[in-house]
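Report on the structure given below.
The values are calculated or read from the model by the stated rules, or taken from the named source; none is laboratory data. Bear in mind the structure is a predicted one, so any value in this text is a computation, not a measurement. Please note: Cβ atoms are built from the backbone with ideal geometry, for glycine as well, and neighbour counts cover all protein chains shown. To get the accessible areas, we keep the full protein, side chains included, count just its heavy atoms, and leave off ligands, DNA and RNA. Shrake-Rupley method; radii C 1.70, N 1.55, O 1.52, S 1.80 Å.
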Amino acid sequence: MKKGIFILLIAGVFAACSGNKKSEKDIIESDSVQVISTANEESRGYIVQVGDTAPDFSMVLSTTGDTVKLSQLRGKLVMLQFTASWCGVCREEMPHIETEIWQKHKDNPNFALLGIDRDEPAETVLKFIKTTGVTYPIGLDPNADIFGLYADKDAGITRNVIIDKDGKIIMLTRLYDPQEFAQMTELINEILK
């Protein structure tokens, strides 16, 4: 058996935003992680796939005004969370991200979590942060340009992208599926232990 973590990504079908399942199995390997995906990422609205180098971008953080560039986070495990205030599923998932991922790993110098708010003004994002009670950084994505690097601009959210220390995508999620979220959390915990 090869060294690694085995993750099965399952695409769910939801009333608000649907995805299709694909029976073909994709296996992607990196130095520390082996990811098995049965999900057709294109059917989930992604234009990137597990194994791709994560597209680089710069983003202004809504709370501080600081600019962060993804490529400057190389060497860290990075989680991107695409969100918006009007997304009910995002509001359902965000408290879990806050407690199960951010609070556990926020002080780990090998981890970065960036929320990316899709096409909303800073005032709306700040209000959204306050109402959800999250403390992880959330940046602005005017015109959904960052979102468009990862998924079709007409595709829905919430979605998470996990990027390894070398800048490769190792997991993609769509909507909030407790089983998929648990797999993502386990993957993050395993890499950061």
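Some notes on this structure:
- Surrounding net charge for Ile129, when Lys and Arg each add one and Asp and Glu each subtract one, Cβ distance under 13 Å: -1
- Taking every Cα-Cα distance in segment 121-193 and sorting them into 5 Å bins from zero, the calculated P(r) comes out as 3, 12, 18, 22, 24, 15, 6, 0 percent.
- Computed over protein heavy atoms with a 1.4 Å probe, the accessible surface of segment 44-136 works out to 46 Å² per residue.
- Charge tally for Ser85 (other residues, Cβ to Cβ under 14 Å; Lys, Arg +1; Asp, Glu -1): -3.
- Ligands, DNA and RNA excluded, the heavy atoms of Tyr136 present near 10 Å² of accessible surface to a 1.4 Å solvent probe.
- Full extension of the segment from Glu92 to Lys106, taken as 0.36 nm per residue of separation minus the current Cα-Cα distance, would add 3.0 nm.
- Residues in segment 75-90 carry Karplus couplings, in order, of x, 10, 7, 10, 10, 9, 10, 7, 8, 6, 5, 7, 8, x, 5, 4 Hz; the curve used is 6.51 cos²θ - 1.76 cosθ + 1.60 with θ = phi - 60°, and Gly or Pro positions show x.
- Förster radius 41 Å - calculated FRET efficiency between Asn143 and Thr99, Cβ distance, rounded to 0.05: 0.85
- Equivalent ellipsoid, segment 57-109 (semi-axes from 5 times Cα gyration tensor eigenvalues, Å): 21, 16, 10
- Of the two radii for segment 60-193, the radius of gyration is 0.92 times the Kirkwood radius, both from the alpha carbons; that is the Rg over Rh value.
- Segment 113-151 and segment 55-100 have Cα centres spaced 7 Å apart.
- The fraction of accessible area contributed by carbon and sulfur in segment 53-117 is 50 percent, rounded to a whole number (1.4 Å probe; ligands and nucleic acids excluded).
- Over the C-alpha atoms of segment 151-191, the Rg to Rh ratio, Rh being the Kirkwood estimate, stands at 1.01.
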